[in-house]
1. Checking residue 266 against (1) assigned to a loop (DSSP other than H, G, I, E, B); (2) closer than 30 Å to residue 21 by Cα; (3) touching a helix residue (DSSP H, G or I) at 6+ places or on another chain (Cβ under 7 Å), which test does it fail?
2. Filtering segment 187-204 down to residues that are in contact with a strand residue (DSSP E or B) (Cβ under 7 Å, 6 or more places away or on another chain) and surrounded by fewer than 19 Cβ atoms within 10 Å (Cβ to Cβ), which residue is nearest to residue 72 (Cα to Cα)?
3. Taking only segment 288-298 into account, find how many residues are assigned to a loop (DSSP other than H, G, I, E, B), crowded, with 19+ Cβ neighbours inside 10 Å and in contact with a strand residue (DSSP E or B) (Cβ under 8 Å, 6 or more places away or on another chain).
4. Identify all residues within segment 244-254 that are surrounded by 20 or more Cβ atoms within 10 Å (Cβ to Cβ) and either assigned by TED's automatic domain parsing to the domain that holds residue 344 or in contact with a strand residue (DSSP E or B) (Cβ under 9 Å, 6 or more places away or on another chain) (or both); write none if there are none.
5. Report yes if some residue within segment 212-221 is part of a strand (DSSP E or B), over 30 Å from the mean Cα position of the chain (by Cα) and not assigned by TED's automatic domain parsing to the domain that holds residue 375; otherwise report no.
6. Within segment 588-693, considering only helices (runs of 4 or more DSSP H) that don't extend past its boundaries, which have at least 3 residues that are surrounded by 15 or more Cβ atoms within 10 Å (Cβ to Cβ) and under 22 Å from the mean Cα position of the chain (by Cα)?
7. Residues that are crowded, with 16+ Cβ neighbours inside 10 Å and over 30 Å from residue 526 (Cα atoms): does segment 495-512 have at least one?
8. So how many residues does segment 70-90 have that are in contact (Cβ under 8 Å) with a residue 60 or more places away in the chain and over 23 Å from residue 198 (Cα atoms)?
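The values are calculated or read from the model by the stated rules, or taken from the named source; none is laboratory data. Because the structure is a prediction, the values reported are computed rather than measured. Cβ: placed from backbone, ideal geometry, glycine included. Neighbour counts: every protein chain shown.
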C-alpha cells in the first residue's frame, strides 16, 4: 500500500519538459570538396588549406607561389630563397595581404605595417620569371641558375609593383654556387634533391636548420617548409596540428585535412545546428563555441619559408586551444546555446614576441562583423581572442570600439590608473601631460631609480587590459621546469583511489638557504621592467648599498644576470624569488610558483595571471617601486611562521601556473574559470558601454 506522502506526490502536477528549440542539421558541400578540403557541415562550404580556394579547394589564390602544378600543393611566400616575380605580384594584388580597411588609431606610430606577408615589404628582392610564359603558367619551382629561359629581376612590391631587370653580370651564377641562403648554404635547383622534396621544401648545399648543420659540399639536401619533415619532406607530422587531427586527418602545413564527416580545428567537428528561437545562451551551464576561421583570414603560417619556431613560453594559446577543443564539458558545437565564443587566431605567428596584434585583431574583427551574427549581437563582447606577445594588446588602447569589446586573453595585465572612459570617448591621451611629468621623472620618481625618458613613460601609461572583461592567463613554462625529474625535487605527488592527484611539499627537499633569488637580463631603457631590474642590480652591485664586498653585504641574496638552466635549480633553494616585468609580462611568477619559492612581485599597475581567481596575499609578497629600496627590510620582517603560511599557499596554488595537465598543471582550469566569470559579468551588465556599441546591438537584434 502506498504511503500518504507517496499518494500526494503522485497527485502533484507534472512539469512539462519543453522540447529543444535547436535541431541538428548538416549542410552538404561540392562532391569533390573532401579531396583537398573539409566539408563544413555548418556553412555548407569547403574549408581549404591556406592558398587553395573554390568549391572543391582546387583553385589557387597564388598559382605562381606553388612549385608544381600537381593538385594539392601549397603556396610558399617567404624570402629565404628566390620566388617567381609573378608570385610576389599575385600576393600583392590579393586583397587579404594588405587590406585597405586596416588603419591605426593612436598617438604613436604602429611600428608594424598593415601587411601580413613580409615578402611584400622588401625593397630589392631577387626574383625570376620564365620567358614567354603567361602569368598563369609561372611557378616558383627553383630553376637552375643558368637556365636560359629564366630572366632575373629585383622586385619591390609596395607602394607599387616595380621590377628592375638584372644585367647578366649581376645575375646569380651557377658556377659560383649562388644564390646564398641566410643560413650560409647555397640554393640549388629543386630537381637536384630527393623526390624534388615532395614539393614541400627547397634544395640547398650546406647550411642548416633546427635539425642540425650540413657541411658536405657535395650533399644536396631538402630544407623543408614548416610542419614537414624527412629526407625528402615526406612526413606530415600530425603533432603540428591541434589534437593530432584526432586520428581522423592528416596535418598539412599546420592544418588538418580531415576524413569525410569531420571538419574544423583538430577534425573535432561533426555536428551543426539550427535554432527556432535565435540565440539563446545556456545560463545554467556556460558553454563556449569555437570558430573555424577560414585560413585566408588566419592560419598557422610559416615565417619566411621556415618553421614557426616560437619560444615555448609563448605557447599558451596553443595549449588552451588544444584542451578546449577536447573539453566537451564546456565546449559546444551549437553556437545558438553558447555564452562565449572563442576565436583561434594564431596571434604569435603573425606578431612574434615584440610585435603587436592591432592589425590582426582589426582583420579578424572585420571578418566577424561581416560573417557572424553572434558577434554583432553583442558587439563582440562575448568573443575571446589571445595575444601572448610581450605587451599584449597595449597598442589597442585607442582602437575603435568594435576592436575593444572582445575579451582579450593576455599575459601582460598593465592597467594604469587612468579613467578608461576618457580613452574610449574619442579624446586621445594627452602627450603633453606625459611630457610635463618628465621634469619630476628626471629628479627621481622612486628612491634608487634612474631617470625615466619620454618613451619609458609612454609605455608605462599604456592601457593594456580592461580588468572587468579581459583575462590575464599564465605563460607556458618549458618542460624543464615541470617534468617529473625536476618537479619531484620540490613536490611529492600521490594519488587517491579515485585518481585524484594530491601534491604536497616534499619533506626532504633541499633546504632553502637563499633569502632572495633573481637571475635575469636587464637593459638601459627604464621601460624594461619599469626600472626594477636595473635598480635591483644597482642595489646589489659593486657601488650599491648591498655591495657584496661592503659592510652591508647580504650573501644570502643571489642577484645576477641571466642564469639559463641554472635558475631551475637556484629557485628551488630560495625562500623568495623576485618577479619583475620584462619588456612586457614576466615569466618569473610562474617559475617561482612551480619551484616552491614565494614570489616577490614588483610590477606597478600590472594585474597578474589569475588575479581575480586566486588569493595572492596567501602565497606572494607584493611591493611597489616606491618601496624597492626597502626590499631587504621588508623581507627581513617576514617571520618564520609567516613564511610557512606563504609557502603553504604556494603549495596550494602553484599548479594554477603551469599548463601540462599530464603532469598536474591546472592553468587551463583556472583560466576557464576566469572566462566564465566574464560571461557572468556581461550578463550582470558590468561592462562599460558605448553608444556605437548599443546601436550595433539594436541593428543586429532586428535580424531576428
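1. Unmet for residue 266, out of (1) assigned to a loop (DSSP other than H, G, I, E, B); (2) closer than 30 Å to residue 21 by Cα; (3) touching a helix residue (DSSP H, G or I) at 6+ places or on another chain (Cβ under 7 Å): (1).
2. First, pick out the residues of segment 187-204 that are in contact with a strand residue (DSSP E or B) (Cβ under 7 Å, 6 or more places away or on another chain): 187-190, 192-194, 197, 200-204.
Still in the running and surrounded by fewer than 19 Cβ atoms within 10 Å (Cβ to Cβ): 189, 192, 194.
Working: 189: 21, 192: 22, 194: 19 Å.
Residue satisfying both the conditions and the ranking: 194.
3. Here the count works out to 2.
4. Step one: list which residues in segment 244-254 are surrounded by 20 or more Cβ atoms within 10 Å (Cβ to Cβ), which gives 245-246, 249, 251-254.
245, 246, 249, 251, 252, 253 - these are the residues of segment 244-254 that are surrounded by 20 or more Cβ atoms within 10 Å (Cβ to Cβ) and either assigned by TED's automatic domain parsing to the domain that holds residue 344 or in contact with a strand residue (DSSP E or B) (Cβ under 9 Å, 6 or more places away or on another chain) (or both).
5. Filtering segment 212-221 down to residues part of a strand (DSSP E or B) leaves 212-213, 220-221.
The next check asks that each one be over 30 Å from the mean Cα position of the chain (by Cα); those that pass are 220-221.
If we keep only those that are not assigned by TED's automatic domain parsing to the domain that holds residue 375 as well, we get 220-221.
Yes - at least one qualifying residue is present in segment 212-221.
6. Values: elements: 588-594, 631-636, 640-653, 667-683.
Qualifying helices (runs of 4 or more DSSP H): 588-594, 667-683.
7. Taking segment 495-512 as the starting set, the residues that turn out to be crowded, with 16+ Cβ neighbours inside 10 Å are 503, 512.
Now narrow it down to the ones that are over 30 Å from residue 526 (Cα atoms): 503, 512.
Scanning segment 495-512, I find at least one residue that is crowded, with 16+ Cβ neighbours inside 10 Å and over 30 Å from residue 526 (Cα atoms), so the answer is yes.
8. Qualifying residue count for the region: 1.
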